[in-house]
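S.K.: There's a structure below that I have some questions on.
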Amino acid sequence: MFYFLPYVTMTCFLGICAYIHGMTDDTVYKNRATIVSVVVFYIFFAFRGYIFSDWTNYYPFFYECSIQDITNYKFGDVEPGFTLLNLLCRSIFEDFHFFVFICTTINLFLLIRFLRNRVSNIPLALMLFFCFEGVMIMTNLMRNSISILLFLNAITYLVKRQPVQYYALCLLALLFHYSAFLYFFVYLFFHIRFSKWIYLAIFVGCNVIFIIHFSVFQLIISAIGFDTSVIEKLDIYTAEASKNTIFSIGYLERLATGLLIFCYYEKLQNMREENAVYINAILFYFAFFFLFSEFDIFSKRLALLFVFGYWILWYDLIKCFSIESNRFLFQLFIGCYCILKIAGINYPDAEYDNVLWGIKSYEERLYLYNKNFKEN
């Protein structure tokens, strides 16, 4: 089955809108390309069916949660902000797809609010978002998505050194997902323009640790003084992880991205005041991805909190090429790589359907999900 086709089609559509936007000087056509891309993007996510996996948790929670989940809240429960949003939506219209619609509306509002003052070509930025974890963020991370996008709207206050507004938004983000606690610490240094050599040293160090399979977790656990049985179990797990292919297409892309940022470091830093934030964010992305790679889900979830650096810096890297032919080749590379990356979404739970033209029922999708994953 070609489960990836709707996602590749969406990528190509956003790419075409981005091309139209970039090739014309007519404001009317630029606005039309932007509006059409945003509307189609919105329909794609707001009216989606039961795709990927997290709906298996969020669907029953939507119908079962109560005010007691907030009043009797304890650490480890679903965050109170997300629970309250569930209850508000259910009080208006008791249907899970309405809740998905509302969450998507909130996410898109926050995303466009973040992008509109930072990029001129919104369709291109949406394509980069879509291909660099945006699909997962919008579908499989309903709590985390709101948390991440709230933080993105706090970046302005981080740069302006306005801690009250910044921490207020971060606190709101924390009410939707625990992982937002990391954003509380980055206020202290994310605005700093570090030397390009410090950037390179950290980037190279992370790559070396990744390539030689040095276990950061084992070092931490040994330093803390855990029981030797824990370390032995960790040895077995990391030994299995070390069998994974290192030099994948994804790794080569991350390597190329890191080196390009280094080559155009000064240009990127001077392109906009906020770019120090995005460079530091992508360095955090690399660090989490490489240093904790033996724990795949853990490393990817932490790295995902800072993936937004890609959406901005890949956009800005286009402007760094002074020779027009090189700029065109890089844009071509972006388009081809995005299609290749999104084509990797080719597994049964990614089967796309839409409320507007008919979806499989919850029971049918749950049966297929259990058949394809839990039984295997």
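S.K.: Give me the pairs: first residue in segment 171-187 and over 18 Å from Phe82 (Cβ atoms), second residue open to solvent by less than 40 Å² (accessible area, probe 1.4 Å) and among the small types (Gly, Ala, Ser), beta-carbon distance under 9 Å, and six or more apart or on different chains, which are they?
M.R.: Val186/Ala281; Tyr187/Ala154
S.K.: For residues that are in contact with a Gly (Cβ under 7 Å, 6 or more places away or on another chain) and open to solvent by 30 Å² or more (accessible area, probe 1.4 Å), tally how many sit in segment 271-301.
M.R.: Count: 0.
S.K.: Here are the criteria: (1) part of a helix (DSSP H, G or I); (2) out of contact with any His (no Cβ under 8 Å at 6 or more places or on another chain). Tell me which single one Phe176 does not satisfy.
M.R.: (1)
S.K.: Please find, among Leu268, Leu304, Leu356, the residue that is more than 26 Å from Ser195 (Cβ to Cβ) and crowded, with 16+ Cβ neighbours inside 10 Å. Steps first, please.
M.R.: Working: Leu268 fails: more than 26 Å from Ser195 (Cβ to Cβ); Leu356 fails: crowded, with 16+ Cβ neighbours inside 10 Å.
Only one candidate qualifies: Leu304.
S.K.: Shifting gears a bit: Can you give me the number of residues within segment 144-160 that are in contact with a helix residue (DSSP H, G or I) (Cβ under 6 Å, 6 or more places away or on another chain), open to solvent by 10 Å² or more (accessible area, probe 1.4 Å) and among the aliphatic types (A, V, I, L, M)?
M.R.: Going through segment 144-160 one residue at a time, the tally reaches 1.
S.K.: Mind checking which residues of segment 56-75 are among the β-branched types (Val, Ile, Thr) and loosely packed, with under 11 Cβ neighbours inside 10 Å? Show your work before the answer.
M.R.: The initial filter retains those residues of segment 56-75 that are among the β-branched types (Val, Ile, Thr), namely 56, 67, 70-71.
Matches in segment 56-75: Ile67, Thr71.
S.K.: What do you reckon, is Leu219 more than 22 Å from Leu283 (Cβ to Cβ) and either open to solvent by 20 Å² or more (accessible area, probe 1.4 Å) or modelled with pLDDT under 95 (or both)? Steps first, please.
M.R.: Details: more than 22 Å from Leu283 (Cβ to Cβ): no; either open to solvent by 20 Å² or more (accessible area, probe 1.4 Å) or modelled with pLDDT under 95 (or both): yes.
For Leu219, the condition - more than 22 Å from Leu283 (Cβ to Cβ) and either open to solvent by 20 Å² or more (accessible area, probe 1.4 Å) or modelled with pLDDT under 95 (or both) - is not met.
S.K.: Right, something else. From Leu149, Leu141, grab the single residue that is within 16 Å of Tyr278 (Cβ to Cβ) and under 16 Å from the mean Cα position of the chain (by Cα).
M.R.: On the way: Leu141 fails: within 16 Å of Tyr278 (Cβ to Cβ).
Matching residue, one of Leu149, Leu141: Leu149.
S.K.: Sticking with this structure for a sec: Kindly evaluate Val78 against the criterion of being crowded, with 17+ Cβ neighbours inside 10 Å, among the aliphatic types (A, V, I, L, M) and more than 23 Å from Cys338 (Cα to Cα). Step through it out loud before you land on a result.
M.R.: Working: crowded, with 17+ Cβ neighbours inside 10 Å: yes; among the aliphatic types (A, V, I, L, M): yes; more than 23 Å from Cys338 (Cα to Cα): yes.
Yes.
S.K.: Which condition does Asn270 not pass, out of (1) at pLDDT 90 or above; (2) touching a helix residue (DSSP H, G or I) at 6+ places or on another chain (Cβ under 9 Å), if it passes all the others?
M.R.: (2)
S.K.: Look at segment 33-43 and say how many of its residues are touching a residue at least 12 places away in the same chain (Cβ under 8 Å), out of contact with any Ser or Thr (no Cβ under 9 Å at 6 or more places or on another chain) and open to solvent by 20 Å² or more (accessible area, probe 1.4 Å). Explain how you work it out, then say what you get.
M.R.: Step one: filter segment 33-43 for residues touching a residue at least 12 places away in the same chain (Cβ under 8 Å), giving 33-34, 36-38, 40-43.
Applying the additional criterion that residues be out of contact with any Ser or Thr (no Cβ under 9 Å at 6 or more places or on another chain) yields 34, 36-38, 40-41, 43.
Now narrow it down to the ones that are open to solvent by 20 Å² or more (accessible area, probe 1.4 Å): 34, 36, 38, 40, 43.
Counting residues in segment 33-43 that are touching a residue at least 12 places away in the same chain (Cβ under 8 Å), out of contact with any Ser or Thr (no Cβ under 9 Å at 6 or more places or on another chain) and open to solvent by 20 Å² or more (accessible area, probe 1.4 Å) gives 5.
S.K.: Of these, Ile198, Ile209, which one is in contact (Cβ under 8 Å) with a residue 24 or more places away in the chain, more than 30 Å from Tyr73 (Cβ to Cβ), in a helix (DSSP H, G or I) and open to solvent by 40 Å² or more (accessible area, probe 1.4 Å)? Lay out the reasoning, then the answer.
M.R.: Values: Ile198 fails: in contact (Cβ under 8 Å) with a residue 24 or more places away in the chain.
The match here is Ile209.
S.K.: Has segment 361-369 got at least one residue that is of a type outside the set (Phe, Trp, Tyr), touching a residue at least 24 places away in the same chain (Cβ under 8 Å), closer than 16 Å to Tyr3 by Cβ and assigned to a loop (DSSP other than H, G, I, E, B)? Spell out how you get there, then give the answer.
M.R.: We begin by selecting, within segment 361-369, every residue of a type outside the set (Phe, Trp, Tyr); these are 361, 363-366, 368.
Of the ones still in play, those that are also touching a residue at least 24 places away in the same chain (Cβ under 8 Å) are 365-366.
From what is left, the residues that are closer than 16 Å to Tyr3 by Cβ are 365.
Cutting the leftovers down to assigned to a loop (DSSP other than H, G, I, E, B) gives us none.
Checked against the condition, which is being of a type outside the set (Phe, Trp, Tyr), touching a residue at least 24 places away in the same chain (Cβ under 8 Å), closer than 16 Å to Tyr3 by Cβ and assigned to a loop (DSSP other than H, G, I, E, B), segment 361-369 yields no hits at all.
S.K.: Would you check which residues across segment 1-20 are open to solvent by 80 Å² or more (accessible area, probe 1.4 Å) and β-branched (Val, Ile, Thr) and list them? Steps first, please.
M.R.: Initially, segment 1-20 is screened for residues open to solvent by 80 Å² or more (accessible area, probe 1.4 Å), giving 1-2, 5, 9, 16, 19.
Matches in segment 1-20: Thr9, Ile16.
S.K.: Next question. Which is open to solvent by less than 20 Å² (accessible area, probe 1.4 Å) and either over 22 Å from Ile297 (Cβ atoms) or touching a Cys at 6+ places or on another chain (Cβ under 7 Å) (or both), of Leu141, Leu88, Leu111?
M.R.: On inspection, the qualifying residue turns out to be Leu111.
The values are calculated or read from the model by the stated rules, or taken from the named source; none is laboratory data. What you see is a predicted model, and the numbers here were worked out from it, not measured in a lab. Positions of Cβ are generated from backbone atoms using ideal geometry, with glycine treated the same way; all protein chains shown enter the neighbour counts. Side chains are part of the model used for accessible areas, which takes the heavy atoms of the whole protein and leaves out ligands, DNA and RNA. Shrake-Rupley method; radii C 1.70, N 1.55, O 1.52, S 1.80 Å.
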